[in-house]
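The structure appears right after this line, and notes come after that.
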Amino acid sequence: MKINVKLVGAFRVDRFREEVREYRAGTSVREVIDGLQLSEQILGFALINGIHAEFEAILQDGDSLTILPVLDGG
Amino acid sequence: MKFATTDPATNPSAVFYKQCTIDLQTGEMSFSDVPCRNLEDVLGGFGRSFQDLAQRQIDSAYCDENPLIVNTGLLTGSTAMTGMRTYFSGYSPIKGSKVGLPAAMWSTGSGKFGAKFKWTGLDELIFENRSAQPVYVVIKESAVGPQVQLKSADHLLGLSTHDKIMSLQKDYPDAHFAAIGPAGENWQNNYMGAVALSTENQLKSKEDKCRFAGRGGMGSLMGYKNILALVAQSSDKQAKPSELVKAANRNVIEGGGSARIQPISRGGGGGTWAAYDVLQEFHAVPVNNFRPQGNAIPEKLFRENVEKEYDIKSEACYRCGITCHNNVSEKNADGSKGEFLAKFDYEPLNLLGTNVGIHDAGQAARLIQLGDNYGMDAISLGVTISYALAYNERHPEKPILNGAFFGDFEKICELIVQAGKGELPEIGKGSMRLSEKLGETSYAYHVKGLEIAAYQPESNPGYAWAIAGGHMSMGTYGLLTREGKSDLDSWVQGITEDKLHIVGFDMIGLCKFFDIAKGIGTQMVVDCLKSEFDFDVSTDDLRAAVRRAFLRGLALELRQGYSKEEFRVPAEVYEDPNPNIKLPNITSPEFLEQLEKRVWGIFEPELEGLLD
Ligand code: SF4
């Protein structure tokens, strides 16, 4: 299935900003994160089609997945 | 401090802090070892100062009875990472209720001044009355205990925050400094004066890399008292950390609590600046006075775009591994580092950048630097200017001040300089007063008279219950954006329990980045207290003390005349909702009404007797 993956902030460094990527059916958000080797240390949250989602959520073909670093203070 | 107990929660009066009270009018000083009233006193910071402020009925910030209290926290100057904080407390010139009474306030900053102050042997300095002449105050250690001297400061008058520090460094090469700028000196017309705190980096490089205790106009109160600077002269006393503290410090660095703040090169998120990227996902980066336009304009100040043209270096306070300062300098033609410009933290960058229509990093840096040099709180300054620019946008035929509009760099510079010199009270006195004078209050982005931080109020109705500035005394700014919580129950729980604990850091002497999500009621802090002072304190004791201190702040607000209606985000947010923000609406009048009812229902019964 095709998933539009968007990375935010430091996750873009040496990766990409937005890309349509191919995954097998039943892939979870966590598997995408692991596959991209995103740092757990700064992993914040994920949005599926703009809505907050659990890392264990299963993606559907055509979903747009955004992965963001933590937001803490300023 | 002196400790005659290992159980400060049940036996606080066996802990004594060294206090010096100075009557600035007569020059008289008295030193005493004061027994603590409760665990809040032991922890220090605003936990202690607010109890003292509560004992005074103050009707105007600029009166002799309003003290300026300078103190530290229990872990300031300790081996615990980030233990650098100094606190400045008093009744605020800028934050006040609609009936005209000033609110109790504290502000805090890092740098090394706090540790040096603590190492003189003094824990608290209370300034009473005001000096007839400009003075600076030297606090130094001696064989017989801390000594305090008042000295003429005529030679410091009119200097910038940085220049004052540089001038004093020549006379006190082994000291650290806290200084106000011209804004604080011109306290009559500038209520947002900040206190600059020197860093090791600043004293070595001679570049203006201070940290600031900015919020609430404590620099203006210091200016009113005619104190231009404080000098803390002591030898460095930081011991080697114990195994317990080492483990806690390692956890601070590796445990994730400070991860986003650390440099990207170390696998961190790159400082508070990274909030730009996250909030832009929701079109929730403040633009042109908190009206995001649903476009990509904030991206111009993303780090990835700025670093193409500027040199960015991650630096830190003395012995802090978090390294949260992003210091931006010009880049020379050969790629080497040029002139230092400013540090890019999220708040000043947004509020003196995107939110005033400035999208060029170099221009934003100049505005931040100007505000810092004149010694003003970047948040109050930026938000009051953005209000004036919004007014002019709405009234192009009859603009106010110098007729500046969003993005007009030269004219915004002019506003900052004039405000800093005390020549522009319209800006210097903050957005509440300006908006009331102009009769257009709905888009003045303050809550309870204090300008809000760079988080859209649409994402944070919790601003209403922050007791000392919107983001650092109520940690709800990420509850919707980060945690995705838009239901009433989560917001009630967040405001009345989980997120108020952020203020614990403003008692104990640590930066919030020590563990911003969990507060100070953690095993890490318990371990540090055991190791440093042999204290047996539980996480529950700590949480209870923080809650009492927070509620005391709330009770003090009510005593200073705030009505419940003043505990609300700016009216534009619910009267004219911004369709561009991609977040669930949690600031409708109905939601706010329910939230207010339930939050007060929990807080109110607990406020009884707290100020007795
Ligand atoms: S977290 Fe930042 S401000 Fe706090 S002590 Fe460390 S470097 Fe300084």
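The values are calculated or read from the model by the stated rules, or taken from the named source; none is laboratory data. For clarity, every value in this text was computed on a predicted model and none was experimentally measured. No Cβ is skipped: glycine too gets one built from the backbone with ideal geometry, and neighbour counts run over all protein chains shown.
Name the residues in region B:336-349 that are touching a residue at least 60 places away in the same chain (Cβ under 8 Å) and of a type in the set (Asp, Glu), would you? Within region B:336-349, B:ASP345, B:GLU347 meet the criteria. Filtered by the rule that a residue be of a type in the set (Gly, Ala, Ser), part of a loop (DSSP other than H, G, I, E, B) and more than 15 Å from B:TRP491 (Cα to Cα), region B:435-475 gives B:GLY439, B:SER442, B:ALA444, B:GLY449, B:ALA453, B:ALA454, B:ALA468, B:GLY469, B:GLY470, B:SER473.
In region B:185-201 there is at least one residue that is in contact with a Ser or Thr (Cβ under 7 Å, 6 or more places away or on another chain), within 13 Å of the ligand (Cβ to nearest atom) and closer than 22 Å to B:LEU341 by Cβ.
Condition test on B:ALA196, is it among the aliphatic types (A, V, I, L, M) and touching a strand residue (DSSP E or B) at 6+ places or on another chain (Cβ under 8 Å)? So B:ALA196 fits the description; yes. Go through the residues of region B:487-498 one by one and say whether even a single one is touching an Asp or Glu at 6+ places or on another chain (Cβ under 8 Å), within 14 Å of another protein chain (Cβ to nearest Cβ) and farther than 18 Å from B:GLU40 by Cβ. The answer is yes, given that some residue of region B:487-498 is touching an Asp or Glu at 6+ places or on another chain (Cβ under 8 Å), within 14 Å of another protein chain (Cβ to nearest Cβ) and farther than 18 Å from B:GLU40 by Cβ.
Scanning region A:1-28 for residues that are in contact (Cβ under 8 Å) with a residue 60 or more places away in the chain and either at the interface with chain B (Cβ under 9 Å from one of its Cβ atoms) or more than 21 Å from B:VAL306 (Cβ to Cβ) (or both) yields a total of 8. Scanning region B:248-263 for residues that are at the interface with another protein chain (Cβ under 7 Å from one of its Cβ atoms) and either among the charged types (D, E, K, R) or touching a residue at least 24 places away in the same chain (Cβ under 8 Å) (or both) returns a single hit, B:ARG260. Pairing residues of region B:503-520 that are within 10 Å of B:PHE46 (Cβ to Cβ) and more than 10 Å from the ligand (Cβ to nearest atom) with residues that are at pLDDT 95 or above and among the aromatic types (Phe, Trp, Tyr), at Cβ distances under 7 Å and at least 6 apart in sequence or on separate chains, gives B:VAL503/B:PHE550; B:ASP506/B:PHE46; B:ASP506/B:TYR87; B:ASP506/B:TRP106; B:MET507/B:PHE46. Taking each residue of region B:194-205 that is under 23 Å from B:MET105 (Cβ atoms) and looking for partners that are more than 14 Å from the ligand (Cβ to nearest atom) and part of a helix (DSSP H, G or I) with beta-carbon atoms closer than 6 Å, six or more apart or interchain, yields B:ALA194/B:GLY219; B:VAL195/B:MET218; B:VAL195/B:GLY219; B:ALA196/B:THR161; B:SER198/B:ILE165. Kindly indicate whether any position in region B:418-436 is within 30 Å of B:PHE513 (Cβ to Cβ) and charged (D, E, K, R). No, because not a single residue in region B:418-436 is within 30 Å of B:PHE513 (Cβ to Cβ) and charged (D, E, K, R). Does at least one position in region B:224-247 carry a residue that is within 15 Å of the ligand (Cβ to nearest atom), of a type in the set (Asp, Glu) and in contact (Cβ under 8 Å) with a residue 60 or more places away in the chain? For region B:224-247, residues within 15 Å of the ligand (Cβ to nearest atom), of a type in the set (Asp, Glu) and in contact (Cβ under 8 Å) with a residue 60 or more places away in the chain: absent.
If only residues of region B:306-358 that are over 22 Å from B:GLN262 (Cβ atoms) and of a type in the set (Gly, Ala, Ser) are counted, the one that is nearest to the ligand (Cβ to nearest atom) is B:GLY353.
Of all residues in region B:307-335, those that are within 16 Å of B:GLY109 (Cβ to Cβ) and within 14 Å of chain A (Cβ to nearest Cβ) have Cβ atoms under 9 Å from Cβ atoms of residues that are within 16 Å of the ligand (Cβ to nearest atom) and in a strand (DSSP E or B), 6 or more apart or on another chain, in B:CYS324/B:SER314; B:CYS324/B:GLU315; B:HIS325/B:ARG211; B:HIS325/B:LYS313; B:HIS325/B:SER314; B:HIS325/B:GLU315; B:HIS325/B:LYS343.
Considering only residues in region B:272-287 that are part of a loop (DSSP other than H, G, I, E, B) and in contact with a Ser or Thr (Cβ under 7 Å, 6 or more places away or on another chain), the one that is surrounded by the most Cβ atoms within 10 Å (Cβ to Cβ) turns out to be B:VAL285. Checking each residue in region B:195-249 for being among the hydroxyl-bearing types (Ser, Thr, Tyr) and part of a loop (DSSP other than H, G, I, E, B) picks out B:SER198, B:THR199, B:SER234, B:SER235, B:SER242.
When residues in region B:13-61 are screened for being part of a loop (DSSP other than H, G, I, E, B), in contact with a Lys or Arg (Cβ under 8 Å, 6 or more places away or on another chain) and surrounded by fewer than 20 Cβ atoms within 10 Å (Cβ to Cβ), 3 of them pass. Tallying residues that are more than 14 Å from every other protein chain (Cβ to nearest Cβ), within 16 Å of the ligand (Cβ to nearest atom) and not in a strand (DSSP E or B) within region B:79-118 yields 14. In region A:49-73, how many are in a strand (DSSP E or B) and within 11 Å of chain B (Cβ to nearest Cβ)? Residues that pass the stated criteria total 7.
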